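Notes follow once the structure below has been shown.
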Amino acid sequence: MKKIYSLLMVSAIALTANSQLVFLEQFSYTNGNLGNKGSWVQNGTGTDVQIDNLSPLTYTGYTSGTQYASVDDMVGTDPHKLFTSSINTSSSNLTVYMSFVVRVAAAPASNAATIDYSVALRNTLDPDRPLRFYISSEPGNTNEVQFGILTGQSTNTNNIVWTPLSASYATGTTYLIVIRYDNVTAGGNNDNAYLWVNPSLASEPLTTSANAQLLGANEANYGGTLNALEFNQNSATTSPDADYDAFRIAYGTTSAIAWTNLDPVGAPLPVKLTSFNAAEEGLSTKLAWNVVEESGITSYVIEKSTDGRNFTAIGSVNAANQKAYSFTDGQVASENNYYRLKMVEIDGTFKYSYIISVKSKLSMNISLSPNPVRNMLMVQHPKAGEGAHIQIVSAAGQTLKDIRLSANAVISNVDLSGYTSGLYHVVFRNGSEVFSKTVLKQ
């Protein structure tokens with residue numbers, strides 16, 4: 001038994017030494033410049049790659065975050081981030097797998113005279129980029145894109161291997177990309193590279209099913225080490241405008257080991273969100289969500305934004321092993337409101353839901369000035385009819401003042417000088433019409 005145990009231990013150690021997940025990035029940072037966030041290093045000058053969360057990238061069965069990186073079609077910085085450990089490609093044959101999701105807004109045509117890569121694997125001590133990922137629009141069709149790969153030192157766009165035109169990948173759609181790079185230590189151009197779009201993650205994809213493959217690829221003399229992922233922004237005519245999220249990079253002495261260690265499905269959250277909706281109810285917005293397989297979740301934190309980027313927690317609901325939950329937001333402060341759920345696990349880790357938006361019908365046809373206000377508030381509203389009136393309602397829903405309006409009035413002044421500081425609803429009622437906005441009393 002001791003000999004068997006020792007053999008198993010040696011095998012396990014060898015397996016660990018020859019394969020690792022060396023890069024995992026879901027861009028869980030504050031919005032703004034990527035450079036210098038989370039160990040990213042900013043290279044060059046100009047506009048940096050941006051972190052955003054307005055419309056997260058989601059792909060069924062693949063774990064993405066809420067924030068993502070936006071790489072633009074401009075002269076800008078080319079940030080990189082080091083792997084957790086370097087990949088030594090000089091001592092033995094290796095397979096490297098990389099997966100991520102991408103959504104393209106625009107890209108140069110594949111038949112353009114010059115076109116630049118958008119993502120690359122690199123050695124930070126060497127100028128060469130051994131493996132590069134490209135995006136282009138189809139010739140004559142800017143609404144559909146192609147994905148391509150290139151290895152080695154060549155920058156000739158004719159050597160890029162593209163996905164077929166018949167695939168019809170659309171702009172504005174999130175795609176899962178998996179790239180495999182076989183590094184062969186023997187001399188000569190004998191490396192291979194493969195690219196898949198939306199492959200099944202149930203098992204390692206077959207090379208024969210690749211959407212693009214580069215066999216006997218040109219190789220770069222890059223020092224025998226891969227140690228970083230890099231974004232590239234070069235110009236409006238050679239670079240794509242695209243969003244990226246959920247990078248995973250792993251390697252192994254065989255492709256099977258590398259794929260196992262890539263684990264592209266990732267660790268699932270112990271709850272499945274089947275729906276998340278919002279609807280106006282009077283002066284409030286009711287949020288409702290349904291879940292299944294809830295296990296290990298302690299609470300759902302409700303976060304709100306008026307611009308879809310900067311979110312603030314407005315309340316929470318304890319997980320109670322239910323299938324349906326709801327929360328009412330009683331302070332609809334703007335015409336457009338965005339909501340997301342922060343699903344918190346027992347150990348404190350969390351993941352976000354997708355973002356939903358509500359365009360308030362109550363706030364579309366009146367305006368308040370100034371806001372915040374100290375004393376006199378001017379309310380601009382539709383022409384007042386018979387019986388039209390303005391109500392001042394507290395945040396708790398109590399009507400504090402009811403003012404009858406003169407017929408045909410379109411501007412009314414309301415004195416708030418005697419009110420305590422805080423939020424109040426200003427409600428304009430005109431027959432069946434009801435419009436409301438929130439004012440901050442200073």
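The values are calculated or read from the model by the stated rules, or taken from the named source; none is laboratory data. Quick caveat, the model's predicted, so the values are computed rather than measured. Glycine also receives a Cβ, built like all others from the backbone with ideal geometry; neighbour counts cover every protein chain displayed.
Here are a few things to note about the model shown:
Conditions tested, residue by residue: (1) surrounded by 15 or more Cβ atoms within 10 Å (Cβ to Cβ); (2) touching a residue at least 40 places away in the same chain (Cβ under 8 Å).
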residue: 104; (1), (2): yes, yes
residue: 109; (1), (2): yes, no
residue: 122; (1), (2): yes, yes
residue: 127; (1), (2): no, no
residue: 130; (1), (2): yes, yes
residue: 137; (1), (2): yes, no
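- Which listed residue, of 339, 354, is out of contact with any helix residue (DSSP H, G or I) (no Cβ under 6 Å at 6 or more places or on another chain), part of a strand (DSSP E or B) and of a type outside the set (Asp, Glu): 339
- Residue 54 vs. criteria assigned to a loop (DSSP other than H, G, I, E, B), touching a Phe, Trp or Tyr at 6+ places or on another chain (Cβ under 9 Å), at pLDDT 85 or above and aliphatic (A, V, I, L, M): yes
- Residues (of a type in the set (A, V, I, L, M, F, W, C), assigned to a strand (DSSP E or B) and modelled with pLDDT of 85 or more) located in the range 82-117: 82, 83, 87, 94, 96, 98, 100, 101, 102, 104, 105, 106
- Close pairs from the range 333-352: first at pLDDT 75 or above, partner among the basic types (Lys, Arg) and surrounded by 17 or more Cβ atoms within 10 Å (Cβ to Cβ), Cβ under 6 Å, at least 6 apart: 339/304; 343/351; 350/342; 352/340; 352/342
One line per residue, one yes/no per condition, for (1) surrounded by 11 or more Cβ atoms within 10 Å (Cβ to Cβ); (2) assigned to a strand (DSSP E or B); (3) under 46 Å from the mean Cα position of the chain (by Cα); (4) modelled with pLDDT under 85:
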| site | (1), (2), (3), (4) |
| --- | --- |
| 379 | yes, yes, yes, no |
| 390 | yes, yes, yes, no |
| 393 | yes, yes, yes, no |
| 397 | yes, no, yes, yes |
| 400 | yes, yes, yes, no |
| 403 | yes, yes, no, no |
| 408 | no, no, no, yes |
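- Sole residue being assigned to a strand (DSSP E or B) and either closer than 23 Å to residue 285 by Cα or of a type in the set (Ser, Thr, Tyr) (or both), chosen from 414, 439: 439
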